[in-house]
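What follows is a short report on a single structure.
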Amino acid sequence: MSKKFYITTPIYYPSASPHLGHAYCTTLCDIVARGKRMRGFDVYFLTGLDEHGEKIEDNAKAAGVTPQEFVDGVAVKFLNLWKLMGITNDDFIRTTQPRHWQTVQKIFSRFLKQGDVYLGSYKGWYCVHEESYWTETQVGENHLCPECGRPCERKEEPAYFFRCDKYVPDLLKYYGDNPSFITPEGRKAEMINNFIKPGLNDLCVSRTTFDWGIPVKEAEGHVVYVWLDALTNYISALGYLQDDDSKFRKYWLDPGCEIVHVIGADITRFHTIYWPMFLEALGLRKPNRVFVHGLMMMKDGKMSKSRGNTVYAEPLCERYGVDAVRYYLASEITFGQDGRFTPEDFVARINTDLANNLGNLLNRTVSMIVKYFDGVIPTYEGELNDLDKGLRETAEKTIESYEAFNDDLKVTEAYASVMEMVSAANKYIEQSAPWALAKNPAKKGELASCMAHLASIIFLAGELLSPILITKSGKIFDQLGVPEAMRDYETATKLTAISGLKVAKGEQLFPRLDDKAEIEYIQRLMAAPKEKATA
Ligand code: MSP
């Protein structure tokens, strides 16, 4: 039985079109999901939209449409982008769907019945943007939101509260027993020191000041707080408390399924404090890991609609191809750390890694096989020389580290290790000097060995990179003459010679970009007027 793996992205607010920062998380999750599937895991990959809340209601009002019409419009933009970027999600949850409402309402009722939720009254400083209440100390003298810096408003409303105290000991025990629950680890100390140690207030889980949310069945005028609503998506999408809960049993209840939530740093608190508490209150297991990635920054701070410094994925995909954009996102910004988008880095990354390193290896190898062996990948016999042995060893180590990195969600490191192997293969060509071997008939065996090794390494690189290079890896296999039936992880990682296949020299897969012209092109994209925050 294959190992099960459930991976989720956050569900995005459909307040405006998705920018490259949103595409970042979904693409990286897609790369992990594809990598796991390639290795034989049974993967379930979820993404979706968080469609309720005051902000959406306000945006819809400003656009002169109903909130549902508003989110339907933006949802199409998300779906189109995921299609363009080759995202292989198994489901797309929208919190306005009846299946989700059903689960959320049942959970709320259960919390009420169990006494986990009680009616009180809320007074506090509220940030509409973050949909969060803050305390006097948190907002400081100027009453600014500690998360986004916007002014907060004083509010009071009757509200339901979730009792947190009861679940703190269990939460801390879970942190202790599962050291990799919050990755990178530094984020855990932040949660404990900044939020848990100072004392957690009970969490307000209903609202009465607006309507756009899931009604609390037991109390008219109350809608479920967006975060309780939103976090539930991870189980409502699997059918929890619904007629058909087979997926829930398969991917959540089975302790053998690894559950990973990937999120941006700004929403760590909800995922690593409240979500595990809600699950504990429901008597359900917690996710194995919450992987916190960094934010995509611009030179003036976080890329975000409200700052007006957004870059969109669509024009980049159109000009450079989806593979190049996916490759840039995975390799330039180390998964787990903040990174900065610059046109210079974008162009350099494509030129250095894809054009000069990988593209060059493929072109040179295919040309030499055509020139020296009439296009047929040769068989080799006899002893391997030290260079051949060295390259094989590098390839074996690469497979090992690739798997370890893939298990640990170290996406950037996994693909950097493949690129190092590609560099090693280019170096191997220089050191083996096949053009010199070709001049000496006594060296025909060595020349054959050299070509056969290069072909296997390119086959391996194409396979390992296929979760990122979703169109070009197929073209790499076409040029090597690898038939469809052989294009799999097991065959590629065997590293056996793929002798006898007929190569087919094709177009240059990664043409070198003209640095200056392309940097200017992207700069123009960045300066283009931005769409308003309406659907
Ligand atoms: N709706 C909530 C999440 C609920 S999950 C149960 C939300 N939505 S969001 O649209 O504001 O953000 C969704 C994700 O996109 C977050 O993980 C956030 O960190 C991420 N990003 C938003 N801007 C980003 C960048 N500039 N860079 C990287 N990720 C970015 O929060």
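Give me the number: length gained by fully extending Met486 to Thr352, i.e. 0.36 nm times residue separation minus the C-alpha to C-alpha distance, one decimal in nm. Walk me through the numbers on the way to the answer.
Working: separation 134, 0.36 × 134 = 48.24 nm, distance 2.92 nm.
Going from the current span to full extension adds 45.3 nm.
Rounded to the nearest 5, what % of DSSP beta bridges with both residues in the chain are antiparallel?
Bridges in the chain that DSSP calls antiparallel: roughly 45 percent.
Could you list the residues of segment 166-199 with an amide nitrogen less than 18 Å from a label point located 7 Å from the Cα of Glu403 in the Cα-to-C-beta direction?
none
Quote the relative contact order of segment 1-98 in percent (integer), defining contacts as alpha-carbon pairs under 8 Å separated by 6+ residues.
38
Separation of segment 46-62 and segment 455-520 by C-alpha centroid, Å?
Going from one Cα centre to the other spans 42 Å.
Before I look further, what does the chain give for accessible area per residue, probe 1.4 Å, in whole square angstrom?
About 41 Å² of surface per residue is accessible.
Any idea what the relative contact order of the chain is, in percent, if you count C-alpha pairs under 8 Å spaced at least 6 apart?
Taking the mean separation of contacting Cα pairs over the length of the chain, I get 17 percent.
For each pair in Lys77/Lys505; Lys444/Lys502; Lys188/Lys410; Lys61/Lys113; Lys166/Lys217, compute the distance between the two Cα atoms and list the pairs where it is over 27 Å.
Check vs 27 Å cut-off fails for Lys77/Lys505; Lys61/Lys113.
Quick one: Karplus J couplings for segment 399-415, per residue in order, coefficients 6.51, -1.76, 1.60, θ = phi - 60°, nearest Hz, x for Gly and Pro?
Values per residue, Gly and Pro as x: 4, 4, 6, 4, 5, 5, 5, 5, 5, 9, 6, 8, 4, 4, 5, 4, 7 Hz.
Kindly write out, for segment 323-337 in residue order, the coupling ³J(HN,Hα) from the Karplus curve 6.51 cos²θ - 1.76 cosθ + 1.60 (θ = phi - 60°), rounded to whole Hz, with x marking Gly and Pro.
For segment 323-337, the Karplus curve yields 4, 5, 5, 4, 5, 4, 4, 6, 9, 7, 10, 4, 4, x, 10 Hz.
Is segment 42-152 rounded, prolate or oblate when judged by the Cα gyration tensor, a ≥ b ≥ c being the square roots of its eigenvalues, rounded requiring a/c under 1.5 and prolate requiring a/b larger than b/c?
Note, shape of segment 42-152 comes out oblate.
Out of the total accessible area of segment 343-492 (probe 1.4 Å, heavy atoms of protein only), what percent is carbon and sulfur? Show your work: numbers first, answer last.
On the way: 3120 of 6040 Å².
For segment 343-492, the apolar C and S fraction of the accessible surface comes to 52 percent.
³J(HN,Hα) across segment 514-526 via Karplus (A = 6.51, B = -1.76, C = 1.60, θ = phi - 60°), whole Hz, x for Gly/Pro?
Computed from phi, the couplings for segment 514-526 are 6, 3, 4, 5, 6, 4, 5, 4, 5, 4, 5, 4, 5 Hz.
Give, rounded to the nearest 20 debye, the magnitude of the charge dipole that segment 403-518 has about its Cα centre when Lys and Arg contribute +1 at Cβ and Asp and Glu contribute -1 at Cβ.
With only Lys, Arg, Asp and Glu charged at Cβ, the dipole is about 700 debye.
What does the charge dipole of segment 4-293 about its Cα centre add up to, to the nearest 20 debye, if the Cβ of each Lys and Arg holds +1 and the Cβ of each Asp and Glu holds -1?
Numbers: 33 positive and 37 negative charges, 187 e Å.
Charge dipole of segment 4-293: 900 debye, to the nearest 20.
Give a quick list of GluC sites (Glu not before Pro) in segment 326-399 that DSSP marks as loop, anything other than H, G, I, E or B, with at most 14 other Cβ atoms within 10 Å.
On the way: sites: Glu332, Glu344, Glu381, Glu383, Glu393, Glu396; in loops: Glu381, Glu383.
When the GluC sites (Glu not before Pro) of segment 326-399 are filtered for loop state and at most 14 Cβ neighbours within 10 Å, Glu381, Glu383 remain.
Could you tally the net charge around Met298, taking each other residue with its Cβ under 9 Å from the Cβ of Met298, Lys/Arg +1 and Asp/Glu -1?
Numbers: positive: Lys299, Lys302, Arg307, Arg340; negative: Asp300.
Around Met298, the surrounding residues sum to +3.
Round to a whole number: what % of the accessible area of segment 41-171 belongs to carbon and sulfur, probe 1.4 Å? Don't skip to the end; give the middle numbers.
On the way: 3010 of 5740 Å².
Ligands and nucleic acids excluded, carbon and sulfur reach 52 percent.
Once amide H atoms are built 1.01 Å from N in the peptide plane, which residues 5 or more positions from Tyr6, or in another chain, come under 5 Å H to H?
Excluding prolines and chain starts, which carry no amide H, the hits are Tyr44, Glu258, Ile259, Val260.
Test of understanding: what is the full-extension gain from Glu147 to Ala62, defined as 0.36 nm times their sequence separation minus their Cα-Cα distance?
Going from the current span to full extension adds 28.1 nm.
How far apart, in nanometres, would the label points at Asn201 and Asp243 be if each is projected 7 angstrom from Cα along the Cα-to-Cβ direction?
4.3
Can you list the aspartates and glutamates whose alpha carbon sits under 17 Å from that of Lys4, skipping same-chain ones fewer than 8 residues off?
Asp30, Asp42, Asp90, Asp91, Asp245, Asp254, Glu258, Glu403, Asp407, Asp408
In square nanometres, what is one fourth of the surface area of the convex hull spanned by the alpha carbons of the chain? Spell out each step's value before the answer.
Details: hull surface 106.9 nm².
One quarter of the hull surface, i.e. the mean projection, equals 26.7 nm².
What is the dipole size for the chain, taken about its Cα centre, with +1 at each Lys and Arg Cβ and -1 at each Asp and Glu Cβ, in debye to the nearest 20?
Dipole about the Cα centre, nearest 20: 500 debye.
Starting from 0.36 nm per residue, how many nanometres of slack lie between Lys443 and Ser180 once their C-alpha separation is accounted for? Let's see the in-between values first.
Numbers: separation 263, 0.36 × 263 = 94.68 nm, distance 5.27 nm.
This chain segment gains 89.4 nm when fully extended.
Taking only C-alpha pairs under 8 Å that are 6+ residues apart, what is the relative contact order of segment 343-492 in percent?
27
Put +1 on the Cβ of every Lys and Arg and -1 on every Asp and Glu Cβ in the chain; which of Tyr320, Tyr274, Asn89 then has its Cα farthest towards the positive end of the dipole?
So the residue furthest toward the plus end is Tyr320.
The values are calculated or read from the model by the stated rules, or taken from the named source; none is laboratory data. Note that the structure is a prediction, hence the values are computed from the model and not measured. FYI the Cβ positions are ideal-geometry reconstructions off the backbone, even for glycines, and counts take in every protein chain you see. Protein only, heavy atoms only, side chains kept; ligands, DNA and RNA dropped before computing areas. Shrake-Rupley method; radii C 1.70, N 1.55, O 1.52, S 1.80 Å.
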